[in-house]
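Visitor: Starting off with a structure, shown below.
Derivation of every value follows stated rules applied to the coordinates shown; laboratory data play no part. Computed from a predicted structure; not experimentally measured. For neighbour counting, all protein chains shown are included, and Cβ atoms are generated from backbone atoms with ideal geometry for every residue, glycine included.
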Amino acid sequence: MFKGKSVLIYSGLVICIIALMASPLFGRELTPPMKTAITWIDQNKAVYEETARYIWENPELSLVEFKSSAKLQQYLTANGFKIEKGVAGMPTAFVATWGSGKPVIGFNAEFDALPGLSQEAGTTTKKPVTAGAPGHGCGHNLLGTTSATAAIAITKAMAKDGIKGTVKVFGTPAEETLVGKPFMNRDGVYNGTDIMIDWHPEYINGADYRSSLAQDSIKFRFYGKASHAGFAPEAGRSALDAVELMNVAANYMREHMAPGAKLSYAITKTEEVPSIVPAFAETWYTIRIPRRAQLDPMRDWLIDIAKGAALMTQTKMEYQIIVGVYEYLPNKTLNMMGTDIVKLIGAPPFTPEDQHFGESIIKNMGKQVQGEVYSSKITTSDFSKTFPDIPFVGASMDVNYTWRVPSVKFAAATFGTGTPLHSWITVCQTGAPPSLKAGLHVSKYMAAAGLECLANPKLIQDAWAELNADLVRFGGYKEPIPKDAKLPTFKDLYGIEPSAVPGVKK
């Protein structure tokens, strides 16, 4: 019995050793180029913090992030990048390029804020800077700055050691509305990129080996005929009736949707007084589900429901696909490499003062503090599983490019554990020292990962082999945004003009 246990233990150790040796970084230290990049990042901490704080202090909504985009472009231009502005028809979208030739290492940089989340930094009770104004409740002031910093750091190492290749930073607006990257992807902006490196503020430290939900976002508009609702209702045709009938039918449709599907809607526009038969009404739907292939039939069914509602009310209907996104497709090859990078560099160096700040936030939320608020642990994923049999987050991302380019996404403990995202509680942290520290630290992960890809062509080949195999397994990539679909406007997304947003200087 004892001997049998010894054999099992020995076998387990052999398996673990073999798995470790399969890692491209097994038994290694950071390379000299990685050390050069990390040293540059540490030396330029003040520039990083000034850039991230500027974007935090000037929060802008989707498609109108003019100050934020310009700040990142200025940062990159000052470090030798050439800028292509206004890509994919979005004035705030850009591609910054350094170097030439293959391979091409891309970095995702986001910078939009969320509506109504204005909050003072470092203040652990609700205290807006400007009531009703936007705020960085998802940490995009850090996201874009971190990606730009990592990209610049790589070029410093490449220039010093004569490393060949191209570094690109994709400045992507409107992530919060899932608009930016899908339209950039549809229009071929990522073509020719060999590897994409991304990150997102999180509660954990590591390479994020999770998927997300596919989603379609559609606005349905009904056109009827106005009339006096009391004197001559028979002369009118209610667009609002059509919306209500559609919503009722959609709720019956829920019973027959695939497991894991989520259907949400809002009535966004109609007549404001009951004395008029509404001549116009609009409803906005989102459909989410773990797999894109499951979504298309539900979208078509929902469109048929809208057509039926128009027939029943003798109104006319049109719909606008705001955006369609795939689930995130993680690349195991790159995630394994990314995990090794994180282990080599370690977790962000949070101080007792950082933890005390986080504890104050948790206590003010009415929760009990349990252990570290800002995690110093490194999360390792279960790489015995492959997509789609891996965990997924219950939200959607505008990451269609992950089905076109092998991608890796990092995470760092930017928020205290238990912080609700998209809230003022997040905003008070994204402009405060612990979050700035975490964002700066993850730029080291990203820079080291990019340099590892440049030094190891086989890593890129293996990542592409995995992506191509996934495309065969899942029937390829089918563009979810029609070629003739127009980029939505700010008013399409928010129902108002940019000048009507509180805090915007007129």
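Visitor: First select every other residue whose beta carbon is under 14 angstrom from the beta carbon of VAL47; then total the charges, Lys and Arg +1, Asp and Glu -1. Walk me through the numbers before you get to the answer.
Guide: Values: positive: LYS45, ARG53, LYS71, LYS156; negative: ASP42, GLU49, GLU50.
Here the count lands on +1.
Visitor: Looking at segment 430-506 from every direction and averaging, what is the projected area of its Cα convex hull in nm²?
Guide: Numbers: hull surface 40.8 nm².
Mean projected area of the Cα convex hull: 10.2 nm².
Visitor: Can you compute the equivalent ellipsoid semi-axes for segment 305-359, i.e. the square root of 5 times each eigenvalue of the Cα gyration tensor, sorted largest first and rounded to whole Å?
Guide: Details: eigenvalues 536, 97, 10 Å².
Value: 52, 22, 7 Å, ordered largest first.
Visitor: What does the helix-only formula give at 222 nm for the chain: each DSSP H stretch with n ≥ 4 adding -39500 (n - 2.57), the total divided by the residues, and the result rounded to the nearest 500 deg cm²/dmol?
Guide: Details: 14 runs with 202 residues, N = 506.
Using -39500 (n - 2.57) per qualifying helix, the result is -13000 deg cm²/dmol.
Visitor: Another one. Return the aspartates and glutamates within reach of LYS444: Cα separation strictly under 19 angstrom, same-chain partners fewer than 8 residues apart disregarded; answer none if there are no such residues.
Guide: LYS444 reaches GLU29, ASP42, GLU49, GLU50, GLU110, ASP161, ASP198, GLU202, ASP208, ASP340, GLU452.
Visitor: Hey, got the Cα dimensions of segment 311-406 along the principal axes, in Å, largest first?
Guide: If we take the Cα atoms of segment 311-406, the spans are 66, 40, 20 Å.
Visitor: Once the Cβ-Cβ distance between ILE390 and LEU421 is put in as r, and R0 is 30 Å, what FRET efficiency do you end up with, to the nearest 0.05? Please report the intermediate quantities before stating the final value.
Guide: Numbers: r = 21 Å, r/R0 = 0.70.
According to the calculation, E is roughly 0.90.
Visitor: For segment 39-119, just the Cα atoms, rotate onto the principal axes and tell me the three extents in Å, largest first.
Guide: Projected onto the principal axes, the Cα atoms of segment 39-119 cover 44, 35, 18 Å.
Visitor: Hey, another quick one. I want the antiparallel fraction of DSSP beta bridges within the chain, as a percent rounded to 5.
Guide: On the way: 42 of 60 bridges.
Counting DSSP beta bridges with both partners in the chain, the antiparallel share is about 70 percent.
Visitor: Taking the chain as the region of interest, what is the percent of Cα-Cα pairs per 20 angstrom bin, listed from the shortest bin to the one with the maximum distance?
Guide: Histogramming the chain at 20 Å steps yields 22, 52, 22, 4, 0 percent.
Visitor: To continue, here is another question. How big is the dipole moment of the chain about its Cα centre under a simple scheme where the beta carbon of each Lys and Arg is +1, that of each Asp and Glu is -1, and everything else is neutral? Debye, nearest 20, please.
Guide: 740 debye
Visitor: I've got another one for you. For the chain, find the longest principal axis of its Cα atoms and tell me its angle to the long axis of helix 332-345, 0 to 90°, nearest 10.
Guide: 60 degrees
Visitor: Using Cα atoms only, what is the angle between the long axis of helix 32-43 and the major principal axis of the chain, expressed in degrees (0 to 90) to the nearest 10?
Guide: 60 degrees
Visitor: Mind checking which lysines have their C-alpha under 28 Å from LYS483, skipping anything on the same chain fewer than 8 residues away?
Guide: Candidates past the 8-residue exclusion: LYS85, LYS168, LYS181, LYS219, LYS262, LYS269, LYS307, LYS316, LYS491.
Visitor: Between VAL369 and SER264, what's the calculated FRET efficiency when r is the beta-carbon distance and R0 is 41 Å? Round to 0.05.
Guide: Details: r = 34 Å, r/R0 = 0.82.
FRET efficiency, VAL369 to SER264: 0.75.
Visitor: Still on this structure, I have one more. At 7 Å along the Cα-to-beta-carbon direction for both ILE163 and LEU311, put a label point, then send me their distance in nm to one decimal.
Guide: Simple spin-label model gives 6.1 nm for this pair.
Visitor: Hey, fewest Cβ within 10 Å first, where do GLU452, GLU282 land in order?
Guide: Details: GLU452 23, GLU282 19.
Taking fewest neighbouring Cβ atoms as first place, the list is GLU282, GLU452.
Visitor: Compute the signed sum of charges (Lys and Arg +1, Asp and Glu -1) over the other residues within less than 10 Å, Cβ to Cβ, of THR283. Walk me through the intermediate numbers first.
Guide: Details: positive: LYS219, ARG221, LYS269; negative: GLU244, GLU282.
Combined, the nearby Lys, Arg, Asp and Glu give +1.
Visitor: What is the distance, in nm, between label points placed 7 Å from the Cα along the Cα-to-Cβ direction at LYS377 and at VAL47?
Guide: 3.7 nm
Visitor: For segment 214-326, what Kirkwood radius comes out of the mean inverse Cα-Cα distance, in Å? All intermediate terms of the calculation are to be shown ahead of the outcome.
Guide: Numbers: mean 1/r = 0.0692 Å⁻¹.
Kirkwood radius, segment 214-326: 14.5 Å.
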